[in-house]
Structures are given as structure tokens and as C-alpha cells.
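The values are calculated or read from the model by the stated rules, or taken from the named source; none is laboratory data. Bear in mind the structure is a predicted one, so any value in this text is a computation, not a measurement. As a convention, Cβ positions derive from the backbone with ideal geometry for all residues, glycine included, and neighbour counts pool all protein chains shown. These accessible areas exclude ligands, DNA and RNA; they are computed on the full protein's heavy atoms, side chains included. Shrake-Rupley method; radii C 1.70, N 1.55, O 1.52, S 1.80 Å.
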Amino acid sequence: NSSNPNLQNIPRSPIVLQKDGERVELSIKSMYVPDEITDWLVQVDYSQVELRIMAIQSGDKTLLDYFRQGFDVHRYVAARIHKLEPEEITSEQRTMAKRTVFGLIYGQSAAGLADELGISVREADSFLSKFFKEFPSVKRWMDATEKKVRKTGQVETMFGRVRRLPDAQGSDEMLRSRALRQAINAPIQGTAADFLAYKKGQIWADMKVRGLIARQILTVHDSILFNVPQEEIDFFIPYAKRFMEDFSAVPGIVIPIVADFEFGKRWSSMKKLKDEEIKKIEKSQFSWTL
């Protein structure tokens, strides 16, 4: 899938080669390392950004409250649907809730969800019905978006970027169904892309003004990869976290947009930083070892 090379598609999992009884694992990502003037790779990734955007777009009070309180949203969604306490939810129930929510983001039908979860269409339809009963604002937003795209042939992101979907107004049922699914996905996934473009441009300019050696080198989907020298790392991590999470200038952002950080010597083996570790970094109390 890669050419020239296409760095969006470099696989995380190792490639396994077998010949004459010999087995060799080759990790392509392990070949990507900091350059000669830096020491660390730092990756910034927005946490559950598409789900956060769906909560904002729909205005669902329950979902918004989960994010404001920093809850495990998928666990709490599963608890609402199954009428259980969050601590009673099994990993399978949490996974089903997670896949259901992300299925909605991608405009997935009950049949698509059934195929994804390995359950019957009837079970999937029942699960979706329970979800919409507990989170009715999501269904109202989806219905309003579908109505709008049928009328105007387009949808917009929160930043006003337009996605034209003329097939939503056409007579071909297959193309129309696809366009209606895209109408749900485009404002969410498109806004996530806007978030990243907005912040990566801002931080690039700010880093330049500050004269940092650290450099932004790559974006992959919802993440940005940086090269950072050892002498700047204690400053860079807390600085970048504050910068990447600051959406105070964007109207309508009513919940935190959280950025997760990883660091490493190779792209294949990045270690995730917890919030308490980032606080230690800010106080220069963190040990930079892997």
C-alpha cells in the first residue's frame, strides 16, 4: 500500500518472514529514528477526538457530561444501555458499545454493525435502538443532518469547510445511501482534520518564534510526530500539551479536547505518557529512560 513512501501506511505490527524453517520478524517502524541533531521522537494524538466532536455536534448532555468529568466514555455508554453500574461492565460489553459508537460516526447501519460485531441484524438493531433511547440528541442530530444534505446536497465542518454530496439528492439508491452515510461522517471526521490542521499550523509558527530546535516532521491521521533534542524535552512536552489542548479561540468547543503524548527512540516502540508523568516532566523530576 505504500509508495515513495506513503508514511500514512507504515504498519505498526512487524512483518513475519518464513523460509526453510527460519522465522524472522521485521519491524518497518523500528527503522524510523530521530535525526542526527535530536534525541527523541514525540507523537501527539488527540484522544477520542471524533467521539468528542459527535458529542459537541449533537449537543447530547449525557455524552458532554461524561467528557467533562473525564469518564471512560465507552464504559459509561455501555452501562447506560445495559442498565448496569460502570464497574459491572465486561470488556466485551465495553467493546460492543465502542464499536457501536464508532459505527455511528462512520454512518454504519444495523446490518453493518451486525457484521462488525458478529451478531444478528435483529440484535444489532435492538442495540442501536437502546443507544438512541439513552442518547436521543445523537439521533436528532443524525436525522437533521440527513434532512439537510437531502435539501442542500452538502454538509460542513465546524470550521465551515464544505463537503459536497450531490448523490444525496440523486435517484440512484445505492449512491444516495452512500452519500447519506458520508453526510454523517464528513462533519465529524472533517472537523477532526480541521482541528489538527489548525493546531499544527499554530504550534509550527510558535516553535519558530521561540527558536526551538524541536521540529514538526510528520502528520499521520490524527497525530503529529516531532523530533525533539534532549535539552528541550522537559520544556517541550508540557508546552506542547498546553498548546495542543487550547481551543479557547474556537467557538462551540464546550468540552476538553485532550492530547495524548508518546515518546521513544524508535517509531515502533513509543511509550505513552500519563498526566502525572507530564506533571513530573514540568518539574524536571521525570527520568527519560525506556
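Pairwise Cα separations in the range 1-65 fall into 10 Å bins from 0 onward with the following percentages, short to long: 15, 25, 25, 21, 12, 3. With all pairs of different C-alpha atoms in the average, the Kirkwood value for the hydrodynamic radius of the range 47-114 is 12.4 Å.
In the chain, the portion of solvent-accessible area held by carbon and sulfur atoms comes to 48 percent [1.4 Å probe, whole percent, DNA, RNA and ligands not counted]. Using the Cβ-Cβ distance between residue 245 and residue 284 with R0 set to 22 Å, the FRET efficiency from 1/(1 + (r/R0)^6) comes to roughly 0.55. Comparing 180, 17, 64 in a Gaussian network model of the chain where C-alpha atoms under 10 Å apart are linked, the largest mean-square fluctuation is found at 17. Projection of the Cα convex hull of the range 146-290, averaged over all directions and equal to a quarter of that hull's surface, yields 11.1 nm². Peptides 4-11, 147-154 ranked from most to least packed, by the mean per-residue count of other Cβ atoms within 10 Å: 147-154, 4-11.
Ellipsoid fit via the Cα gyration tensor, the chain: semi-axes of 36, 24, 22 Å, each the root of five times an eigenvalue, largest first. Accessible surface calculations at 1.4 Å, restricted to protein heavy atoms, place the chain at 55 Å² per residue.
Each stretch of four or more DSSP H residues adds -39500 (n - 2.57); spread over every residue of the chain, this sum gives -16000 deg cm²/dmol at 222 nm. Shown is the FRET efficiency for residue 197 and residue 254, computed with R0 = 30 Å from the Cβ-Cβ distance and rounded to the nearest 0.05: 0.90.
Alpha-carbon geometry of the range 26-174: the Rg and the Dmax are 19.2, 58 Å, given in that order. The share of Cα pairs per 5 Å bin across the range 157-209, counted from zero up to the longest distance, runs 4, 20, 18, 15, 13, 11, 7, 5, 4, 2, 1 percent. Between residue 105 and residue 140, the modelled labels are 2.3 nm apart [label points 7 Å from Cα along Cα→Cβ].
Counting every C-alpha pair in the range 87-230, the share spaced more than 20 angstrom apart comes to 61%. Here is the tail figure for the range 205-290: Cα pairs spaced more than 18 Å apart come to 47 percent of all pairs.
Phi-derived couplings, Karplus 6.51 cos²θ - 1.76 cosθ + 1.60 at θ = phi - 60°, listed residue by residue for the range 49-56: 5, 5, 5, 4, 5, 4, 5, 5 Hz, with x used for Gly and Pro. Build a GNM of the chain with springs between Cα atoms under 10 Å apart, and of 34, 14, 187 the one that fluctuates most is 14.
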